[in-house]
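S.K.: Take a look at this one; I'll ask things after.
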Amino acid sequence: MSVLVVGSVALDTIKTPLADVRDVLGGSASYFSVSASFFSPVSLVAVVGSDFPQKYIRLFKKRGIDIRGLETVKGGRTFRWQGRYGWDFNDAKTIATHLNVFASFDPGIIKEHRLSKFVFLANIDPELQQKVLAQVKNPRLVVSDTMNYWIEQKPKSLKKLLKKIDIFLLNDLEARQLTGRTNLLKAAGDLLKLGPKRVIVKKGEHGALLFSKNSLFCMPAFLLENVYDPTGAGDTFAGGFVGYLAKAKSLNERTLRRAMVYASTMATFAVEDFSLKRLLSIRRGDIERRVRQFRMLTSF
Ligand code: AMP
């Protein structure tokens, strides 16, 4: 089944101790779409300005991503994010966020996309996430993500949205920030009370946790030799997770746990090079090979 995603399509400027890149393809919806497209068809809803390079549009098309919902504002400027990482790659510092065309984006969802059964509300203004969700009829699964910027700017809208979703994805720092709890078990418990049936807390290079009211799955991280730029790891994780589920027959605990492994595997590719470079160079066989290595690493 196909997945509908709304989120940012961006031009990122990033500095890490190992890389320094300017205006490269980024954005939560970009990473998500490319990652999910390895498993299921994807329809992208976002907005860019007329400065958005055509080569990136071609790249989405090449991956078979449906971009009928990607609007281009004539004379507008694309969303830009500038970030920096020190030696701790789990800690992204935002230097600048320029919403540009996203500040006045009013997404209208085409008829066909309104029937999507799998919806991912990638990191973007929770009011936009809500606007898209309100146009979808009877989705089977709604997953959403966020980040510190929106927790600080729009906490009320974010909490309102949480009542309407099935699975909430965020990283450990964001979970602590949103709930005011330092303990992750307690933070996840509080988040579950806000509405979602499940919460996934991503812990960067330390794995991820899948919580529900009655269960907990702890997934370690795959150990990588080459980590170049962690940008987009979370969105790529989400793409693997939702893309895998949209292809699966059921949404039971076992399938969700397997989806976590595929999600994490996809994220390992995202960080091996800057922007979407590495992700765009892999094939399905590379994913399966790494999932097998993951299994070897974690079974006992
Ligand atoms: P992550 O998976 O958390 O590393 O996401 C990184 C991506 O999020 C970058 O490519 C940015 O363009 C995008 N991003 C950064 N800040 C925001 C924001 N406030 N809203 C939406 N997307 C953002």
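The values are calculated or read from the model by the stated rules, or taken from the named source; none is laboratory data. Nothing here was measured: the structure is a model prediction, and the numbers come from that model. Note that each Cβ is placed from the backbone with ideal geometry, even for glycine, and that neighbours are counted across all protein chains shown.
S.K.: Write out, first by first residue and then by second, each pair whose Cβ atoms fall under 7 Å of each other, whose residues are 6+ apart or on separate chains, and whose first residue, in region 27-44, is modelled with pLDDT of 95 or more while the second is among the polar types (S, T, N, Q) and assigned to a helix (DSSP H, G or I).
M.R.: These pairs meet every condition: Tyr31/Thr236; Ser35/Thr236; Val42/Ser33; Leu44/Ser33.
S.K.: Considering only residues that are among the small types (Gly, Ala, Ser) and away from the ligand (no atom under 13 Å from the Cβ), look in region 1-50 and name the one that is nearest to Trp150 (Cα to Cα).
M.R.: Taking region 1-50 and keeping what is among the small types (Gly, Ala, Ser), we get 2, 7-8, 10, 19, 26-30, 33, 35-37, 40, 43, 46, 49-50.
Of the ones still in play, those that are also away from the ligand (no atom under 13 Å from the Cβ) are 2, 19, 36-37, 40, 43, 49-50.
Numbers: Ser2: 27, Ala19: 27, Ala36: 24, Ser37: 26, Ser40: 28, Ser43: 24, Gly49: 22, Ser50: 26 Å.
Here the residue is Gly49.
S.K.: How many residues are among the aromatic types (Phe, Trp, Tyr) and buried (at least 19 other Cβ atoms within 10 Å of the Cβ) if we restrict to region 130-155?
M.R.: Of the residues in that region, 1 qualify.
S.K.: A further question on this structure: Mind listing whichever residues of region 86-100 are within 11 Å of the ligand (Cβ to nearest atom), surrounded by 15 or more Cβ atoms within 10 Å (Cβ to Cβ) and either charged (D, E, K, R) or within 21 Å of Val48 (Cβ to Cβ) (or both)?
M.R.: The answer is Thr97, His98, Leu99.
S.K.: For Arg80, indicate whether it is in contact (Cβ under 8 Å) with a residue 12 or more places away in the chain, in contact with a helix residue (DSSP H, G or I) (Cβ under 9 Å, 6 or more places away or on another chain) and surrounded by 15 or more Cβ atoms within 10 Å (Cβ to Cβ). Spell out the reasoning first.
M.R.: Details: in contact (Cβ under 8 Å) with a residue 12 or more places away in the chain: yes; in contact with a helix residue (DSSP H, G or I) (Cβ under 9 Å, 6 or more places away or on another chain): yes; surrounded by 15 or more Cβ atoms within 10 Å (Cβ to Cβ): yes.
Criteria met by Arg80.
S.K.: Only one residue in Leu11, Leu70, Leu59, Leu4 is of a type outside the set (Lys, Arg), closer than 21 Å to Thr268 by Cα and touching a residue at least 60 places away in the same chain (Cβ under 8 Å). Which one?
M.R.: Leu59
S.K.: On the basis of being farther than 21 Å from Leu4 by Cβ and touching a residue at least 40 places away in the same chain (Cβ under 8 Å), does Ala238 make the cut?
M.R.: no
S.K.: If you don't mind, another one. Report, by residue number, each residue of region 12-22 that is touching an Asp or Glu at 6+ places or on another chain (Cβ under 8 Å) and surrounded by 15 or more Cβ atoms within 10 Å (Cβ to Cβ).
M.R.: Hits for region 12-22 are Asp12, Thr13, Ile14, Thr16, Ala19, Val21.
S.K.: If you check Leu178, Leu194, which single one turns out to be touching a residue at least 12 places away in the same chain (Cβ under 8 Å) and either in contact with a His (Cβ under 7 Å, 6 or more places away or on another chain) or buried (at least 20 other Cβ atoms within 10 Å of the Cβ) (or both)? Spell out the reasoning first.
M.R.: Numbers: Leu194 fails: either in contact with a His (Cβ under 7 Å, 6 or more places away or on another chain) or buried (at least 20 other Cβ atoms within 10 Å of the Cβ) (or both).
Of Leu178, Leu194, the one residue that is touching a residue at least 12 places away in the same chain (Cβ under 8 Å) and either in contact with a His (Cβ under 7 Å, 6 or more places away or on another chain) or buried (at least 20 other Cβ atoms within 10 Å of the Cβ) (or both) is Leu178.
S.K.: For region 200-208, does any single residue satisfy the condition of being charged (D, E, K, R), within 16 Å of the ligand (Cβ to nearest atom) and touching a Pro at 6+ places or on another chain (Cβ under 9 Å)?
M.R.: Scanning region 200-208, I find at least one residue that is charged (D, E, K, R), within 16 Å of the ligand (Cβ to nearest atom) and touching a Pro at 6+ places or on another chain (Cβ under 9 Å), so the answer is yes.
S.K.: Moving to a separate point now. Does region 158-173 hold any residues that are part of a helix (DSSP H, G or I), surrounded by fewer than 21 Cβ atoms within 10 Å (Cβ to Cβ) and within 19 Å of the chain's Cα centre (by Cα), and which are they?
M.R.: Selection gives Lys159, Leu162, Asp172, Leu173.
S.K.: Scan region 47-71 residue by residue and report those that are of a type in the set (D, E, K, R) and within 16 Å of Ser275 (Cβ to Cβ).
M.R.: So in region 47-71, the residues of a type in the set (D, E, K, R) come out as 51, 55, 58, 61-63, 66, 68, 71.
Within region 47-71, Lys55, Arg58, Lys62, Arg63 meet the criteria.
S.K.: Within region 42-59, how many residues are more than 20 Å from Leu128 (Cβ to Cβ), part of a loop (DSSP other than H, G, I, E, B) and among the aromatic types (Phe, Trp, Tyr)?
M.R.: Counting residues in region 42-59 that are more than 20 Å from Leu128 (Cβ to Cβ), part of a loop (DSSP other than H, G, I, E, B) and among the aromatic types (Phe, Trp, Tyr) gives 0.
S.K.: Restricting the search to region 228-250, which residues are part of a loop (DSSP other than H, G, I, E, B) and surrounded by 15 or more Cβ atoms within 10 Å (Cβ to Cβ)?
M.R.: Tyr228, Asp229, Pro230, Thr231, Gly232, Ala248
S.K.: Tell me which residues, restricted to region 106-129, are within 16 Å of the ligand (Cβ to nearest atom) and either touching a residue at least 40 places away in the same chain (Cβ under 8 Å) or surrounded by 19 or more Cβ atoms within 10 Å (Cβ to Cβ) (or both).
M.R.: Answer for region 106-129, where residues must be within 16 Å of the ligand (Cβ to nearest atom) and either touching a residue at least 40 places away in the same chain (Cβ under 8 Å) or surrounded by 19 or more Cβ atoms within 10 Å (Cβ to Cβ) (or both): Pro107, Phe120, Leu121, Ala122, Asn123, Ile124, Asp125, Pro126, Leu128, Gln129.
S.K.: For region 60-145, list the strands (runs of 3 or more DSSP E) that sit wholly inside it and hold at least 1 residues that are small (Gly, Ala, Ser); which are they?
M.R.: Details: elements: 66-73, 79-85, 92-98, 118-121, 141-145.
Result: 66-73, 79-85, 92-98, 141-145.
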